[in-house]
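The values are calculated or read from the model by the stated rules, or taken from the named source; none is laboratory data. The structure presented is a predicted model; accordingly, all values stated were derived computationally and were not measured. Don't worry about glycine lacking a Cβ; one is built from the backbone with ideal geometry, like all the others, and counts go over all protein chains shown.
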Amino acid sequence: MQEQGISIFKIPKAEATYDGKNLTVRLYYPNNPEELNKRLPGNSVFGVTTLETLLREGHATIATPECPIKPADGGSIYLFKDNVVLVHRRKFPLGKNSVHNFYHSAPGGYTESLNATRSEQGLITTGLKETAEEQILFTKDKYPWLIVANDLKEYTLQAVRNLGLDFDIQNRFKFVDAETLPSGDTLQVYDEEGNEIFTSKGKGFLDIMWDNSTSLSLMQIRKLPISSEEILPIDAEGVIGKDGAFVHFNRESYLIPLSELANKLFGTPLENPRVYQTQLTNPRVVYHPSYSQPFYGPDEKKVTNPHLFAPENHFTVCLDALDVPGFKGKRLDWQLWKEKCTRDKVCMIPSEFLVK
């Protein structure tokens with residue numbers, strides 16, 4: 001969601017350790033943080049050096065006064081019982097230097113108060129809230145049911161109200177228990193003197209990036225006891241406009257079987273993707289979008305196929321956690337490759353899929 005008014009700040013000291021599977025990050029919050037309501041710029045030169053050190057030696061400094069980082073943002077991804085994940089494709093107006101335009105990602109955002117930034121529960125709740133607010137699930141019945149995770153009713157219903165869909169569902173709710181998959185990662189947060197603020201162990205999967213912006217994320221994987229074949233997804237992300245009305249982005253939702261992503265290369269076509277968008281004006285309908293040339297792929301490159309696979313860091317870390325071949329144990333290797341491509345200004349898309 002939008003970052004306006006969120007309590008985030010620069011962190012001049014942070015460290016990480018990695019054993020080839022589990023990642024531990026230690027952040028040292030400044031005692032008198034100054035709120036920062038914009039993204040930190042990327043620093044791929046620092047990112048390459050840091051990730052190479054972390055992979056080679058198992059530990060590295062990941063933030064300095066000259067190259068700071070922010071507090072972790074929180075996010076989560078839905079995994080259905082048929083081993084299909086739900087992601088969206090980031091899409092912003094062309095030419096605006098948007099971060100990771102046309103990449104596939106999972107919902108995520110920053111904590112909304114300094115108290116939340118200083119607590120494990122604040123971070124965990126943010127990750128769950130972001131997904132509930134951004135991804136609405138309906139059944140395919142003639143008179144659809146709204147699928148609601150039992151621990152996220154408030155946020156889900158608010159997203160439905162934002163889109164004006166609350167008149168359609170008429171209390172037709174299907175409540176389900178979502179299982180949060182365990183992690184071996186640890187986030188440790190201290191003050192400047194090294195006094196513990198909070199520790200989060202096993203609650204989510206950590207990723208770090210410096211390519212287009214500098215960030216740290218804690219991603220949760222939420223397994224739902226329903227099949228992806230039963231649902232229609234609506235991406236509910238948007239902003240409140242100056243007139244107070246909700247502006248819907250209508251990003252594309254992708255349902256992707258994990259089996260189709262085994263050893264999948266960045267920038268190669270997804271085969272027969274299940275893609276959805278939503279028309280909110282009457283008649284309200286979830287539809288499969290059509291595409292016409294020019295097609296755009298990751299980083300706004302003109303490409304020959306409208307559905308090139310482009311996992312953002314939020315997605316890559318989850319594919320690693322789910323042991324998908326080609327990603328298992330390689331979240332840092334994937335990020336290092338992106339950092340090198342960014343540093344060296346090398347296009348990540350294979351040449352055969354670029355418009356000549």
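Would the stretch 56-75 turn up any residue that is of a type in the set (A, V, I, L, M), crowded, with 22+ Cβ neighbours inside 10 Å and over 18 Å from the mean Cα position of the chain (by Cα)? Yes - at least one qualifying residue is present in the stretch 56-75.
If the condition is being out of contact with any Pro (no Cβ under 9 Å at 6 or more places or on another chain) and more than 18 Å from ILE77 (Cβ to Cβ), then the stretch 136-149 contributes THR139, LYS140, ASP141, LYS142, TYR143, PRO144, TRP145, LEU146. Screening PRO306 on (1) surrounded by 20 or more Cβ atoms within 10 Å (Cβ to Cβ); (2) over 21 Å from LEU255 (Cα atoms) shows it passes everything except condition (2). Candidates are the residues of the stretch 1-15 that are buried (at least 17 other Cβ atoms within 10 Å of the Cβ) and out of contact with any strand residue (DSSP E or B) (no Cβ under 9 Å at 6 or more places or on another chain); the one that is modelled with the highest pLDDT is PHE9. Scanning the stretch 22-44 for residues being at pLDDT 95 or above and either under 30 Å from PRO182 (Cβ atoms) or not in a loop (DSSP other than H, G, I, E, B) (or both) gives a total of 9. Scanning the stretch 120-169 for residues that are surrounded by 17 or more Cβ atoms within 10 Å (Cβ to Cβ), of a type in the set (S, T, N, Q), under 18 Å from PRO225 (Cβ atoms) and out of contact with any Ser or Thr (no Cβ under 8 Å at 6 or more places or on another chain) yields a single hit, THR156. Taking the listed residues ILE197, ILE226, ILE208, the one that is closer than 27 Å to TYR276 by Cα and β-branched (Val, Ile, Thr) is ILE226, with no other qualifying.
So for the stretch 299-308 (the condition being aliphatic (A, V, I, L, M), touching a residue at least 24 places away in the same chain (Cβ under 8 Å), in a strand (DSSP E or B) and touching a Gly at 6+ places or on another chain (Cβ under 6 Å)), does at least one residue qualify? The answer is yes, given that some residue of the stretch 299-308 is aliphatic (A, V, I, L, M), touching a residue at least 24 places away in the same chain (Cβ under 8 Å), in a strand (DSSP E or B) and touching a Gly at 6+ places or on another chain (Cβ under 6 Å). Applying the condition of being outside any strand (DSSP E or B) and of a type in the set (D, E, K, R) to the stretch 74-89 and asking which residue is farthest from LEU270 (Cα to Cα) yields LYS81.
Screening LYS96 against (1) under 19 Å from LEU123 (Cα atoms); (2) in a loop (DSSP other than H, G, I, E, B); (3) of a type in the set (D, E, K, R) leaves a single unmet condition, (1).
In the stretch 16-40, of all residues being out of contact with any Phe, Trp or Tyr (no Cβ under 9 Å at 6 or more places or on another chain) and exposed (fewer than 14 other Cβ atoms within 10 Å of the Cβ), the one that is nearest to ASP320 (Cα to Cα) corresponds to LYS21. Between VAL87, VAL99, the distinction of being at pLDDT 95 or above and either touching a Lys or Arg at 6+ places or on another chain (Cβ under 8 Å) or closer than 26 Å to LEU232 by Cα (or both) belongs to VAL87 only. Candidates GLY244, GLY238: the one that is more than 22 Å from ARG89 (Cβ to Cβ) and of a type in the set (Gly, Ala, Ser) is GLY244. Of the candidates LEU255, LEU280, the single residue that is modelled with pLDDT of 90 or more, surrounded by 13 or more Cβ atoms within 10 Å (Cβ to Cβ) and of a type outside the set (S, T, N, Q) is LEU255. Of everything listed in (1) farther than 21 Å from PHE205 by Cα; (2) in contact with a His (Cβ under 8 Å, 6 or more places away or on another chain), the single unmet condition for ALA310 is (1). Mind checking whether some residue in the stretch 56-73 is in a helix (DSSP H, G or I) and more than 22 Å from SER253 (Cβ to Cβ)? Yes, the stretch 56-73 contains a residue that is in a helix (DSSP H, G or I) and more than 22 Å from SER253 (Cβ to Cβ). Looking only at the stretch 132-148, decide whether some residue is under 17 Å from the mean Cα position of the chain (by Cα), in contact (Cβ under 8 Å) with a residue 40 or more places away in the chain and assigned to a loop (DSSP other than H, G, I, E, B). The answer is no, given that none of the residues of the stretch 132-148 is under 17 Å from the mean Cα position of the chain (by Cα), in contact (Cβ under 8 Å) with a residue 40 or more places away in the chain and assigned to a loop (DSSP other than H, G, I, E, B). Looking only at residues of the stretch 314-334 that are outside any loop (DSSP other than H, G, I, E, B) and hydrophobic (A, V, I, L, M, F, W, C), we find that the one that is surrounded by the fewest Cβ atoms within 10 Å (Cβ to Cβ) is TRP334. Residue selection: SER7 satisfies the criterion of being part of a loop (DSSP other than H, G, I, E, B), touching a residue at least 12 places away in the same chain (Cβ under 8 Å), touching a helix residue (DSSP H, G or I) at 6+ places or on another chain (Cβ under 7 Å) and small (Gly, Ala, Ser).
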